[in-house]
Every structure is written in C-alpha cells, then in structure tokens.
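This report refers to the structure that appears directly beneath it.
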Amino acid sequence: MQKGKILALLLGLTVSFGTTAWAQESAVNKPATSQDTGAEQDLRNFKEWVKTQSDKIATTTRAEWPTIKSDFNRQANKIENSFQNLSENSKREFLELKTRFQELESRPMADEVPLQAEEVRLREKELLGSFGNVQNISSIHMREAYIRFMQNVRTKRHNWTARDWDYAEYILQNLGKRKAAVEEKLSTLDEIKIRTLVGEFYTLRSGQEFKEQQRAKKQTP
C-alpha cells in the first residue's frame with residue numbers, strides 16, 4: 001500500500017514538471033504578437049506604395065508632389081513608431097525604401113521635362129487632322145479647327161496621362177496664337193464658340209486631374 005502511494009506521488013511530480021516545461025517552451029516559441037505582425041504588414045504596404053510612385057514618376061507633376069510627400073511621411077512615421085518590432089532585415093529594407101523615395105524627389109517631374117518637337121508634330125496631326133499645320137489656318141477655318149481639336153480631345157482623353165494633357169494644352173496654346181493673328185477677321189459667333197470650346201478643354205482637364213487625385217487617395221494604404 002505504501003509503495004502505491006509513493007508511485008502515485010512520483011507520477012504526479014512527473015506530470016507537474018512536464019506541464020511546467022511545456023508552458024515555458026510555449027512561451028519561448030509563441031507566435032509574433034499582433035503588434036509585430038502589424039509592423040511587418042505596414043512595411044509591406046509601404047514597399048508596394050514606393051514601387052507605385054517609382055513606376056509612375058514619369059507622369060507625376062511637381063504640383064502633385066506635396067500630396068505624395070505627405071502620404072510618404074504619414075506611412076514612414078507609422079513604421080518608425082514600431083521600428084523596434086521589425087526584424088533586422090526589415091529594418092534595413094525600410095531604410096533603403098526611404099532612400100529610394102528621396103532619390104525620386106530629385107528626378108525631373110513630368111511637367112519639368114521639355115516637350116519634344118517631333119512629338120508635338122505628331123500630336124498636332126492626331127488632334128487637328130487636316131489643320132495640323134497651325135500657322136496656315138485661315139480665319140475662315142479657325143472655328144472649324146477648334147471644333148476638330150475638341151472632338152478629338154473628347155474621344156481620346158479617357159486614357160490620357162498628365163503628359164498627354166500637356167501636349168494637348170501646348171497645341172491649344174498654339175491655336176490661340178494663330179487665332180490672335182487673324183482675330184480681326186473672326187465673327188462674334190466664331191469668338192463665342194471658340195471661347196466655349198477652350199473653356200470645355202480646361203474643364204475636362206480639371207475633372208480628369210480630380211479623378212486621378214481621388215484614385216491615388218484610394219490606393220494609399
């Protein structure tokens with residue numbers, strides 16, 4: 001009987017030690033906390049965001065940069081607040097991403113790169129058709145040239161980038177210079193129609209820029 005009690009006591013101690021050891025091992029090998037997971041996820045989002053900005057830098061204008069820079073600062077500050085929760089590799093990657101973004105800022109923006117003369121000629125033909133030689137447009141055909149221009153703008157604008165709008169605006173400005181040269185021969189109705197078409201162009205461009213800004217905000221994590 002005494003031997004049975006001793007055996008039961010030893011068995012209980014064994015189970016107790018085993019349970020304690022299992023608990024200690026679980027504590028050491030427990031999965032990353034939600035805070036750790038959040039920090040790494042924020043870094044992954046940030047990496048994708050920096051890649052997106054890098055891919056579209058050729059079409060980004062200087063006017064858009066303050067908004068982009070604000071988004072960068074917001075995301076970078078969030079990661080820096082949980083920087084210690086990142087792995088060593090992730091810490092290095094975060095610092096590299098910050099450097100890469102700073103290099104983007106030093107590149108010329110889309111509106112800082114001069115328009116190419118050959119491209120202007122191609123766009124004139126595309127948007128003006130038979131009126132592609134702007135300097136030869138007569139007062140009789142000036143109204144029709146503006147109408148043709150806007151017809152093509154309405155058709156093609158849906159897939160345009162900011163750079164495409166820059167070329168279209170440059171052509172519109174050239175039309176304006178030619179119009180000024182023959183203005184005395186234009187009728188009042190021609191003047192009114194042309195002003196209406198010019199106003200439509202800038203309304204469409206502003207609307208497109210607004211949509212792009214809203215789309216960029218939605219894509220920002």
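The values are calculated or read from the model by the stated rules, or taken from the named source; none is laboratory data. Here the structure is a predicted model, which means the values were calculated and not measured. When we count neighbours, we look across all protein chains shown, and the Cβ atoms used for this are built from the backbone with ideal geometry, even at glycine.
So Lys185 clears everything in (1) farther than 19 Å from Val134 by Cα; (2) surrounded by fewer than 16 Cβ atoms within 10 Å (Cβ to Cβ); (3) in contact (Cβ under 8 Å) with a residue 12 or more places away in the chain except one condition, right? Which one?
(1)
Please go through segment 148-167 and give me each residue that is within 15 Å of Thr59 (Cα to Cα), buried (at least 16 other Cβ atoms within 10 Å of the Cβ) and either of a type in the set (A, V, I, L, M, F, W, C) or in contact (Cβ under 8 Å) with a residue 60 or more places away in the chain (or both), ordered by number.
Trp160, Ala162, Arg163, Trp165, listed by residue number.
For segment 193-208, indicate whether the set of residues that are of a type in the set (A, V, I, L, M), within 17 Å of Ser130 (Cα to Cα) and either modelled with pLDDT under 95 or surrounded by 13 or more Cβ atoms within 10 Å (Cβ to Cβ) (or both) is non-empty. Lay out the reasoning, then the answer.
Restricting attention to segment 193-208, the residues satisfying the condition of being of a type in the set (A, V, I, L, M) are 194, 197-198, 204.
Filter once more, keeping what is within 17 Å of Ser130 (Cα to Cα): none.
Scanning segment 193-208, I find no residue that is of a type in the set (A, V, I, L, M), within 17 Å of Ser130 (Cα to Cα) and either modelled with pLDDT under 95 or surrounded by 13 or more Cβ atoms within 10 Å (Cβ to Cβ) (or both), so the answer is no.
Restricting to segment 131-147, what's the tally of residues that are small (Gly, Ala, Ser) and free of Cβ contacts under 8 Å to residues at least 12 places away in the same chain?
Residues that pass the stated criteria total 1.
Starting from segment 98-121, take each residue that is modelled with pLDDT of 75 or more and list its partners that are assigned to a loop (DSSP other than H, G, I, E, B) and of a type in the set (Gly, Ala, Ser), counting only C-beta distances under 8 angstrom and pairs at least six apart or across chains.
What qualifies is Arg121/Gly132.
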